[in-house]
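Engineer: Sharing a structure below in structure tokens format, with a few things to ask.
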Amino acid sequence: MNSFAYLLVRLTIGMSMFGHGLVRIPKLTDFSEGMVANFEGSLLPVLLVRPFSYALPFLEFIIGLFLFMGFKTVFFARAGGMLMVLLIFGTSIIENWSALPSQMIHASFFIVLLQFIASNNYIALDAYLKK
């Protein structure tokens, strides 16, 4: 039963990240410009915000896809958790407090994945490839 619960956690966060990236990639320039505009006047310079805004949808897409498949789960759960740390930092810098709960929930999903992976990641591509 715990393996199935773990699977649902992994699929949920994987699909959320995948979906975030999937809808942003086709409108990448608009997404980037919107993010740059949100950070205008913040402590973060455009030289940092713009490249991050172009990379973010691809990072979300890749992290989500591989978590959904259960491939390199530890690596991508760590990457997703660190991405959430960066997003939470940016959200705090621009005082977008309404976005913070969603990011904290995403971070919590990554924490759960990492905490319980060793004994519950049976229904995953990782488990299949170990055989």
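The values are calculated or read from the model by the stated rules, or taken from the named source; none is laboratory data. The structure displayed is predicted, hence computed values, not measured ones. So basically every Cβ, Gly included, is an ideal-geometry build from the backbone, and we count neighbours across all protein chains shown.
Engineer: Report, by residue number, each residue of the stretch 33-48 that is free of Cβ contacts under 8 Å to residues at least 24 places away in the same chain, over 17 Å from the mean Cα position of the chain (by Cα) and under 23 Å from Ser16 (Cβ atoms).
Structural biologist: Gly34
Engineer: In the stretch 94-105, which residue that is among the aliphatic types (A, V, I, L, M) and surrounded by fewer than 14 Cβ atoms within 10 Å (Cβ to Cβ) is farthest from Phe52 (Cα to Cα)?
Structural biologist: Here the residue is Ile105.
Engineer: Right, here's the next one. Inspect the stretch 47-63 for any residue being closer than 22 Å to Ile117 by Cβ and of a type in the set (Phe, Trp, Tyr) and give the result as yes or no. Can you show your working first?
Structural biologist: So the first thing to find is which residues in the stretch 47-63 are closer than 22 Å to Ile117 by Cβ, and the list is 59-63.
Within this subset, residues satisfying the condition of being of a type in the set (Phe, Trp, Tyr) are 61.
So far as the stretch 47-63 goes, yes, one or more of its residues are closer than 22 Å to Ile117 by Cβ and of a type in the set (Phe, Trp, Tyr).
Engineer: So, one more: From the residues in the stretch 1-31 that are hydrophobic (A, V, I, L, M, F, W, C) and more than 20 Å from Leu56 (Cβ to Cβ), which one is surrounded by the most Cβ atoms within 10 Å (Cβ to Cβ)?
Structural biologist: Taking the candidates together, the pick is Val9.
Engineer: Across the stretch 80-108, which residue is nearest to the chain's Cα centre (by Cα) among those that are within 16 Å of Thr12 (Cα to Cα) and touching a residue at least 12 places away in the same chain (Cβ under 8 Å)?
Structural biologist: Gly80
Engineer: Which number in (1) modelled with pLDDT of 95 or more; (2) aliphatic (A, V, I, L, M); (3) in contact with a helix residue (DSSP H, G or I) (Cβ under 8 Å, 6 or more places away or on another chain) marks the one condition that Ile105 misses?
Structural biologist: (3)
Engineer: In the stretch 99-113, how many are within 13 Å of Gly80 (Cβ to Cβ), out of contact with any Lys or Arg (no Cβ under 7 Å at 6 or more places or on another chain) and not β-branched (Val, Ile, Thr)?
Structural biologist: 6
Engineer: Within the stretch 41-58, is there a residue that is surrounded by fewer than 17 Cβ atoms within 10 Å (Cβ to Cβ) and closer than 18 Å to Gly14 by Cα?
Structural biologist: Of all residues in the stretch 41-58, those surrounded by fewer than 17 Cβ atoms within 10 Å (Cβ to Cβ) come to 41-48, 50-51, 54-55, 58.
Adding the requirement that they be closer than 18 Å to Gly14 by Cα leaves 55, 58.
Yes, the stretch 41-58 contains a residue that is surrounded by fewer than 17 Cβ atoms within 10 Å (Cβ to Cβ) and closer than 18 Å to Gly14 by Cα.
Engineer: Another question, if that's okay. Phe71: outside any helix (DSSP H, G or I), of a type in the set (A, V, I, L, M, F, W, C) and surrounded by 14 or more Cβ atoms within 10 Å (Cβ to Cβ), yes or no?
Structural biologist: Yes, satisfied.
Engineer: Applying the selection to the stretch 108-124, what residues are surrounded by 14 or more Cβ atoms within 10 Å (Cβ to Cβ), part of a helix (DSSP H, G or I), of a type in the set (S, T, N, Q) and at pLDDT below 95?
Structural biologist: Asn120
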